[in-house]
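Participant: Here it is, the structure, as structure tokens.
The values are calculated or read from the model by the stated rules, or taken from the named source; none is laboratory data. Please read these numbers as outputs of a predicted model, since none were measured by experiment. So basically every Cβ, Gly included, is an ideal-geometry build from the backbone, and we count neighbours across all protein chains shown.
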Amino acid sequence: MATAEKTKILVGLGACGIAAGAQRTMDSLKQRIDELRMDNVELGVSGCMGMCYREPLVEVTLPGKHSVVYSGLTEERVDRLLDEVVSKGQIIEDWVAKADDMAGSEDAFFEKQHRIVLRNCGKINPENIDDYLEVGGYTALKKALEQMNPEQVRDEVTKSGLRGRGGAGFPTGIKWGFCAGAPGDVKYMICNADEGDPGAFMDRSVLESDPHAVLEGMAIAGYAIGAKQGFIYCRAEYPIAIRRLGIAIEQAMERGFLGDGIFGTDFSFKIKIKEGAGAFVCGEETALMASIEGRRGMPRLRPPFPAIEGLWKKPTNINNVETLANISWIINKGGDAFAALGTEKSKGTKVFALAGKINRGGLVEVPMGVTIREVVEHIGGGIKDGKRFKAVQMGGPSGGCIPEELADTSIDYDSLNRTGAIMGSGGMVVLDESTCMVDTARFFLNFTQEESCGKCTFCRVGTKRMLQILERITEGKGREGDIELLEELAATVKKASLCGLGQTAPNPVLTTIRYFRDEYEAHIKERKCPAKSCRALITYKINPDICDGCHVCHRVCPVDAVQGDKKEVHSINPDLCTRCGLCKERCKPGAIFIE
Amino acid sequence: MDTSSIPSSSGNVERVNLDVLDEIIRQHGAGSGSLIPILQKAQDAYGYLPKEVIERISRSLLVPSSSVYGVVTFYAQFRLKPVGKHIIRVCHGTACHVAGAEKITEAFARDLQVADGETTADRLFTLESVACVGCCSLAPVAMIDGETFGRLDGRGVSKVIKRYRRQERKD
Ligand SMILES: Cc1cc2nc3c(=O)[nH]c(=O)nc-3n(C[C@H](O)[C@H](O)[C@H](O)COP(=O)(O)O)c2cc1C
Ligand code: FES
């Protein structure tokens with residue numbers, strides 16, 4: 001029997017799907033399909049479809065029909081799905097998130113997206129190379145090896161205008177040229193999968209959902225620069241990605257897409273996985289190479305650039321996961337097709353991990369040039385709980401906060417730089433009125449201060465001093481002149497640090513001062529946190545008109561700060577209260593508020 | 001068989017088999033590029049990196065033990081102290097931070113009577129803070145061993161701990 005006559009069910013088993021219970025959905029589907037002897041059903045795994053906010057997601061393709069993605073498919077819903085959809089061929093309209101030939105609840109999420117990097121994510125089984133081949137996998141590698149010489153490959157990528165997606169935005173084709181032109185027989189190709197921005201998961205999703213696309217991009221890059229050995233440096237916190245990469249490499253070796261004499265040519269290329277060990281600075285290219293060599297991951301001065309002197313002192317090219325996932329598309333469709341998307345200086349698309357106080361958080365890919373507002377309001381469906389949109393944080397610890405007033409900024413390298421933030425690797429965290437901007441700056445400084453490798457004084461001591469100042473401001477002990485002191489320190493740390501970590505660490509502070517100076521001033525001068533978030537500056541209170549004396553707050557308070565007998569109006573003793581918020585969380589009538 | 005005495009997770013001194021380590025070293029080869037993978041596998045096998053393990057690695061790879069310690073203390077992943085049976089990792093990434101991660105750590109610390117980064121007296125739980133675990137849309141998030149718990153609040157934390165405690169009593 002041909003597989004085309006079977007019903008195909010794919011369960012999205014990315015990290016966020018699993019967190020939402022997708023593995024239980026999978027197990028239950030397997031069990032029920034067995035018990036019901038549904039022989040005509042083929043059950044498979046897929047990766048991340050991007051709609052993290054609607055997980056678990058299950059895609060069903062009935063024989064001869066278009067596929068339909070059902071959302072919120074927890075294990076309790078499995079029986080109804082199998083009965084109504086699979087057996088009876090009906091559609092459960094309320095659960096449809098997306099379908100090719102009918103409206104789904106999540107269409108707005110996809111409308112403005114353009115998927116190149118994510119083209120296969122959530123659509124194919126990442127653990128089965130045949131799925132990748134079916135959608136044209138490895139044809140770009142074949143084309144490059146059989147019809148193009150390395151220089152032509154580099155030219156095509158240069159023509160596409162693709163710039164590095166790891167943060168710095170350097171033109172990829174030109175970078176490949178440096179390494180190709182460097183003297184030496186042994187060269188290395190590294191894929192940077194360290195993804196250190198603590199609010200971003202684009203690379204993880206691509207690796208988990210479409211690992212072969214990254215391998216193919218690496219092999220093409222290897223050919224273009226003259227490398228025979230590739231390394232993927234992946235953070236250890238991504239066990240699913242590492243496992244799927246391992247499976248993918250094995251399958252590609254078996255089929256001859258990696259290994260010796262690929263497609264009968266004399267080009268050989270192999271890939272090894274190196275697991276990171278938990279250091280943000282190892283995402284920086286020279287630190288990353290030190291780490292692969294087995295040393296402490298400390299950056300060094302450039303030049304010499306890795307293209308001349310890299311891993312084990314050999315010419316090395318290093319690219320980000322997303323950069324590489326674009327390559328096969330560019331080779332197949334041509335550099336011009338890629339360059340047709342985006343703005344004058346920023347071509348193609350960019351993937352963002354949309355998170356924070358947003359209704360539809362997930363993975364989105366948009367053409368360069370759309371505005372931040374379009375992403376937040378249209379794709380992301382606006383702010384959660386009807387609160388006010390305050391800012392987006394882009395670029396993580398190296399980036400900055402862009403206020404709502406500038407939300408019409410176009411998403412391209414230059415426009416974003418002008419705001420003081422950066423494109424970054426793709427973290428986009430949406431903040432609402434309840435987020436304190438001083439605390440946000442403190443959060444990032446705390447991160448960079450901890451992750452500073454300690455090699456240069458300005459980064460090591462400068463970030464620490466800045467953090468101390470931010471801490472005292474959020475604790476209500478800020479002093480007159482602290483803002484100016486922060487600005488001065490920021491300028492020095494930016495100028496005098498050796499690597500990108502220190503050079504960009506002040507950005508979150510500088511952008512919040514630039515756009516939210518009044519919030520800093522309120523903390524310092526009035527000892528107030530306008531967002532009502534900094535603990536030292538708020539008090540929990542009970543509204544006597546709403547309190548019904550249910551006594552729950554009294555019961556849950558870990559420090560006995562709530563006074564009052566049952567059926568009487570309660571009150572909170574501010575001297576005992578630690579502002580843990582448990583009482584507010586549990587108060588049914590909603591009588592507890594923050595002042 | 002070469003054994004060394006190291007404290008086991010139950011607190012007793014126990015003879016531990018270094019053969020496992022020798023096999024790991026043999027598989028990875030003794031090049032300097034193998035140091036980090038060997039430390040990772042050794043930590044998987046022993047739960048942490050006891051002094052004896054570090055010294056053996058130093059001798060086998062001909063790397064001074066000071067350099068091995070240099071590497072071990074540079075990377076957040078490596079530990080020099082034994083951990084509890086269950087490791088609780090509370091996400092403090094950006095999305096989780098703005099969703100109140102601090103309160104989640106506080107709730108775990110309160111329920112378990114343990115400070116962040118420490119292990120409970122009964123050696124059942126170790127409480128840690130980590131950066132983004134990649135489930136930002138479920139913030140605030142915590143991972144216990146391999147399992148992820150999303151949209152946590154103070155009550156959710158108590159429930160999760162109760163579940164693990166109940167399970168422990170059964171075992
Ligand atoms: C502190 C620091 C952390 C970085 N982390 C990453 C990372 O996690 N992933 C990444 O691809 N690039 C990261 N980079 C950028 C890399 O150094 C490098 O520019 C990039 O991998 C080049 O690839 P691309 O040209 O494809 O962007 C980081 C840079 C710095 C300074
Ligand atoms: S910030 Fe916590 S999962 Fe991403």
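Participant: Please list, ordered by residue number, the helices (runs of 4 or more DSSP H) wholly in the stretch A:154-256 having 3 or more residues that are away from chain B (no Cβ under 14 Å) and under 28 Å from A:ALA279 (Cα atoms). Give the steps one after another, and end with the answer.
Facilitator: Numbers: elements: A:172-181, A:202-209, A:211-225, A:239-254.
Result: A:172-181, A:211-225, A:239-254.
Participant: Taking the condition touching a Leu at 6+ places or on another chain (Cβ under 9 Å), in the same structural domain as A:PRO171 (by TED's automatic domain parsing) and at pLDDT 95 or above, does A:ILE247 pass?
Facilitator: Details: touching a Leu at 6+ places or on another chain (Cβ under 9 Å): no; in the same structural domain as A:PRO171 (by TED's automatic domain parsing): yes; at pLDDT 95 or above: yes.
No.
Participant: Grab the helices (runs of 4 or more DSSP H) fully contained in the stretch B:48-100, keeping just those with 3 or more residues being within 16 Å of ligand 2 (Cβ to nearest atom) and in the same structural domain as B:SER137 (by TED's automatic domain parsing). Full working, then the answer.
Facilitator: On the way: elements: B:51-61, B:65-74, B:94-98.
Correct list: B:94-98.
Participant: Hey, another quick one. Here is a check on your reading of the model: is A:VAL135 surrounded by fewer than 20 Cβ atoms within 10 Å (Cβ to Cβ), more than 15 Å from ligand 1 (Cβ to nearest atom) and under 29 Å from A:GLU254 (Cβ atoms)? Show your work before the answer.
Facilitator: Details: surrounded by fewer than 20 Cβ atoms within 10 Å (Cβ to Cβ): yes; more than 15 Å from ligand 1 (Cβ to nearest atom): yes; under 29 Å from A:GLU254 (Cβ atoms): yes.
For A:VAL135, the condition - surrounded by fewer than 20 Cβ atoms within 10 Å (Cβ to Cβ), more than 15 Å from ligand 1 (Cβ to nearest atom) and under 29 Å from A:GLU254 (Cβ atoms) - is met.
Participant: Given the criteria within 16 Å of ligand 1 (Cβ to nearest atom) and surrounded by fewer than 21 Cβ atoms within 10 Å (Cβ to Cβ), does B:GLN77 qualify? Explain how you work it out, then say what you get.
Facilitator: On the way: within 16 Å of ligand 1 (Cβ to nearest atom): yes; surrounded by fewer than 21 Cβ atoms within 10 Å (Cβ to Cβ): yes.
For B:GLN77, the condition - within 16 Å of ligand 1 (Cβ to nearest atom) and surrounded by fewer than 21 Cβ atoms within 10 Å (Cβ to Cβ) - is met.
Participant: Filter the stretch A:215-249 for residues that are of a type in the set (A, V, I, L, M) and more than 18 Å from A:PHE267 (Cβ to Cβ) and give the result. I'd like the intermediate steps shown before the answer.
Facilitator: Of all residues in the stretch A:215-249, those of a type in the set (A, V, I, L, M) come to A:215, A:218-221, A:224-225, A:227, A:232, A:236, A:240-242, A:245, A:247-249.
Listed by number, the residues that qualify are A:ILE232, A:ALA236, A:ILE240, A:ALA241, A:ILE242, A:LEU245, A:ILE247, A:ALA248.
Participant: Taking the stretch B:88-108 on its own, how many of its residues are within 16 Å of ligand 1 (Cβ to nearest atom) and more than 7 Å from chain A (Cβ to nearest Cβ)?
Facilitator: Of all residues in the stretch B:88-108, those within 16 Å of ligand 1 (Cβ to nearest atom) come to B:93-94.
This time we only want the ones that are more than 7 Å from chain A (Cβ to nearest Cβ), so: none.
Qualifying residue count for the region: 0.
Participant: Which one is nearest to ligand 1 (Cβ to nearest atom) among residues in the stretch A:196-254 that are of a type in the set (Gly, Ala, Ser) and within 18 Å of A:GLY50 (Cα to Cα)? Write out each step before concluding.
Facilitator: The initial filter retains those residues of the stretch A:196-254 that are of a type in the set (Gly, Ala, Ser), namely A:196, A:199-200, A:205, A:209, A:213, A:217, A:219, A:221-222, A:224, A:226-227, A:230, A:236, A:241, A:246, A:248, A:252.
When the remaining residues are screened for being within 18 Å of A:GLY50 (Cα to Cα), the result is A:199-200, A:205, A:209, A:213, A:241.
Values: A:GLY199: 12, A:ALA200: 9, A:SER205: 14, A:SER209: 18, A:ALA213: 14, A:ALA241: 13 Å.
If we take residues in the stretch A:196-254 being of a type in the set (Gly, Ala, Ser) and within 18 Å of A:GLY50 (Cα to Cα), then A:ALA200 is nearest to ligand 1 (Cβ to nearest atom).
Participant: Spot the failing condition for A:ASP385; the list is (1) surrounded by fewer than 17 Cβ atoms within 10 Å (Cβ to Cβ); (2) in contact with a strand residue (DSSP E or B) (Cβ under 6 Å, 6 or more places away or on another chain); (3) within 13 Å of another protein chain (Cβ to nearest Cβ), and only one is missed.
Facilitator: (2)
Participant: Still on this structure, I have one more. Considering only the stretch A:10-98, give the strands (runs of 3 or more DSSP E) lying wholly within it that have at least 3 residues that are over 23 Å from A:ARG204 (Cβ atoms). Full working, then the answer.
Facilitator: On the way: elements: A:41-46, A:58-61, A:67-70.
By residue number, A:41-46, A:67-70.
Participant: To continue, here is another question. Can you give me the number of residues within the stretch B:128-148 that are surrounded by fewer than 24 Cβ atoms within 10 Å (Cβ to Cβ) and either within 16 Å of ligand 1 (Cβ to nearest atom) or among the hydrophobic types (A, V, I, L, M, F, W, C) (or both)? First the steps, then the outcome.
Facilitator: Our first condition is that a residue be surrounded by fewer than 24 Cβ atoms within 10 Å (Cβ to Cβ); within the stretch B:128-148, this holds for B:128-130, B:143-148.
From what's left, either within 16 Å of ligand 1 (Cβ to nearest atom) or among the hydrophobic types (A, V, I, L, M, F, W, C) (or both): B:130, B:143-144.
Result for the stretch B:128-148: 3.
Participant: Say we look at the stretch B:112-143 and pick out the residues that are part of a strand (DSSP E or B) and more than 12 Å from chain A (Cβ to nearest Cβ); which of these is farthest from ligand 2 (Cβ to nearest atom)? Show your work before the answer.
Facilitator: Quick first cut of the stretch B:112-143, residues part of a strand (DSSP E or B) only: B:119, B:125-130, B:142-143.
Okay, now just the ones that are also more than 12 Å from chain A (Cβ to nearest Cβ), so B:119, B:125-127.
Numbers: B:THR119: 23, B:PHE125: 20, B:THR126: 19, B:LEU127: 16 Å.
That would be B:THR119.
Participant: Same structure, new question: Please count how many residues of the stretch A:580-595 are among the basic types (Lys, Arg), under 23 Å from B:ALA101 (Cβ atoms) and more than 9 Å from chain B (Cβ to nearest Cβ). Working first, answer last.
Facilitator: Step one: of the stretch A:580-595, the residues among the basic types (Lys, Arg) are A:584, A:586, A:588.
Those still in the list that are under 23 Å from B:ALA101 (Cβ atoms) too: A:584, A:586.
Filter once more, keeping what is more than 9 Å from chain B (Cβ to nearest Cβ): A:584.
The total comes to 1.
Participant: Determine if the stretch A:339-349 includes at least one residue that is assigned to a helix (DSSP H, G or I), within 16 Å of ligand 2 (Cβ to nearest atom) and touching a Ser or Thr at 6+ places or on another chain (Cβ under 7 Å).
Facilitator: Restricting attention to the stretch A:339-349, the residues satisfying the condition of being assigned to a helix (DSSP H, G or I) are A:339.
Add one more test, that the residue is within 16 Å of ligand 2 (Cβ to nearest atom), and what stays is none.
No, the conditions are met nowhere in the stretch A:339-349.
Participant: How many residues, within the stretch A:425-445, are facing chain B (nearest Cβ under 9 Å) and in a helix (DSSP H, G or I)?
Facilitator: 4
Participant: Still on this structure: Tell me whether the stretch A:490-502 contains one or more residues that are β-branched (Val, Ile, Thr) and assigned by TED's automatic domain parsing to the domain that holds A:THR463.
Facilitator: yes
Participant: Could you check the stretch B:144-159 and list, in sequence order, the residues that are in contact with a helix residue (DSSP H, G or I) (Cβ under 9 Å, 6 or more places away or on another chain), touching a residue at least 12 places away in the same chain (Cβ under 8 Å), more than 7 Å from chain A (Cβ to nearest Cβ) and more than 16 Å from B:GLY100 (Cβ to Cβ)?
Facilitator: Result: B:ILE144, single match.
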